[in-house]
Amino acid sequence: MKSLTEHLWFEVGKRRDYLNITPQIEALVKKSGVREGLCLVNAMHITASVYINDDEEGLLADYDEWLEGLAPHAPVERYRHNNTGEDNADAHLKRQVMGREVVVAITGGKLDFGPWEQIFYAEFDGRRRKRVLVKIIGE
Amino acid sequence: MKSLTEHLWFEVGKRRDYLNITPQIEALVKKSGVREGLCLVNAMHITASVYINDDEEGLLADYDEWLEGLAPHAPVERYRHNNTGEDNADAHLKRQVMGREVVVAITGGKLDFGPWEQIFYAEFDGRRRKRVLVKIIGE
Amino acid sequence: MKSLTEHLWFEVGKRRDYLNITPQIEALVKKSGVREGLCLVNAMHITASVYINDDEEGLLADYDEWLEGLAPHAPVERYRHNNTGEDNADAHLKRQVMGREVVVAITGGKLDFGPWEQIFYAEFDGRRRKRVLVKIIGE
């Protein structure tokens with residue numbers, strides 16, 4: 001069994017943003033030499049998500065507005081977590097809707113994707129350096 | 001390490017539906033010959049989900065109504081994604097609530113399930129052919 | 001390839017609760033002897049979740065209130081699933097928001113975690129014995 005472990009670092013300039021990280025993951029699959037296996041990609045921070053969906057500008061705006069409706073940032077006092085001095089309770093909630101991780105099949109040395117699948121890093125509490133973990137196992 | 005890769009095709013006759021695909025997955029686990037390992041099942045399209053829950057008619061109706069409340073289909077103009085000519089933005093949102101994939105343990109050559117766990121394909125933008133990927137690795 | 005399969009049992013005294021199960025999972029990773037691999041942790045019951053987020057009391061209260069807002073328990077008659085004699089339809093919905101499972105990388109014999117990641121068992125229909133499955137594969 002082969003394995004590869006890499007951490008990708010991101011520093012998003014605003015509170016929330018959605019980054020297509022598919023090219024970086026594809027490069028790591030190639031680097032791993034794995035032909036058949038699984039690729040785990042997960043946020044290592046609990047106010048961010050890794051998810052798979054479409055890289056379409058309108059959809060990213062729809063996600064952002066929808067998540068803000070489901071778990072509004074303000075008023076920050078509405079969340080008990082923010083009594084700790086944080087203002088990011090909403091980010092912990094939004095991340096649960098979008099998920100922590102994706103597991104993608106590797107077939108014939110490549111990510112086994114449908115026609116529009118793209119891997120995104122979703123930041124809900126940015127303006128600091130945060131990591132994504134990529135773990136590949138297989139043969 | 002053994003591995004097996006299969007694509008299951010579905011064409012759902014209406015916009016939204018919920019299909020129990022457990023028997024197909026069980027057959028693929030058997031075919032793989034894997035006794036101890038992991039089985040990844042994921043939607044390959046970004047307006048559909050694979051999830052695990054109960055095969056109970058009332059619950060499926062509850063899911064459908066609840067998801068329509070969280071991310072209504074109409075008016076389609078409320079979503080920027082639909083400016084591209086699509087009318088399926090809501091399907092991209094519903095799919096995030098229900099998830100893209102499940103990873104199920106294989107123990108003793110079988111899906112290692114609790115008493116009521118069933119694997120579902122949830123279609124949120126049907127009336128065309130779409131795929132699910134099954135990837136099994138182990139020994 | 002090594003593998004380890006264990007079931008953890010829980011009996012939560014009230015309807016809903018959130019238990020940090022990270023120490024139990026860490027002990028199983030050690031027991032497995034796996035240095036590089038994947039650790040799947042999933043609820044075996046369909047009214048409970050396994051998820052990763054912060055072990056902070058205020059946040060746990062925020063999650064509970066937020067989930068009750070998204071999928072209220074009462075009136076129980078609002079859900080068709082409850083016509084079966086159950087009163088736990090809301091628990092099936094809440095569990096979909098928080099997720100069934102997590103897959104965590106094992107690197108150098110340990111869970112490869114970010115600074116605040118903790119594994120939680122979320123119970124949405126307690127007061128009876130329920131299980132979590134831990135499956136570890138790797139080398």
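In the stretch B:100-139, what residues are free of Cβ contacts under 8 Å to residues at least 60 places away in the same chain and either under 12 Å from the mean Cα position of the chain (by Cα) or under 29 Å from A:LEU60 (Cα atoms) (or both)?
B:ARG100
What's the total number of residues in the stretch B:1-13 that are part of a loop (DSSP other than H, G, I, E, B) and under 24 Å from C:VAL102 (Cα atoms)?
Selection size over the stretch B:1-13: 1.
What are the residues in the stretch A:101-118 that are within 11 Å of chain B (Cβ to nearest Cβ) and among the charged types (D, E, K, R), if any?
Scanning the stretch A:101-118 gives A:GLU101, A:ASP112, A:GLU117.
Kindly list, by first and then second residue, each pair from a residue in the stretch B:10-31 that is free of Cβ contacts under 8 Å to residues at least 40 places away in the same chain to a residue that is part of a strand (DSSP E or B) and open to solvent by less than 20 Å² (accessible area, probe 1.4 Å), limited to pairs with Cβ atoms under 6 Å and residues at least 6 apart or on different chains.
Cβ pairs passing all conditions: none.
Please enumerate the residues belonging to the stretch C:100-113 that are open to solvent by less than 10 Å² (accessible area, probe 1.4 Å) and either out of contact with any helix residue (DSSP H, G or I) (no Cβ under 7 Å at 6 or more places or on another chain) or in a loop (DSSP other than H, G, I, E, B) (or both).
C:VAL102, C:VAL103, C:VAL104, C:ALA105
The values are calculated or read from the model by the stated rules, or taken from the named source; none is laboratory data. Here the structure is a predicted model, which means the values were calculated and not measured. Positions of Cβ are backbone-derived with ideal geometry, glycine not excepted, and every protein chain shown enters the neighbour counts. Just the protein is used for accessible areas: all its heavy atoms, side chains included, with ligands, DNA and RNA removed. Shrake-Rupley method; radii C 1.70, N 1.55, O 1.52, S 1.80 Å.
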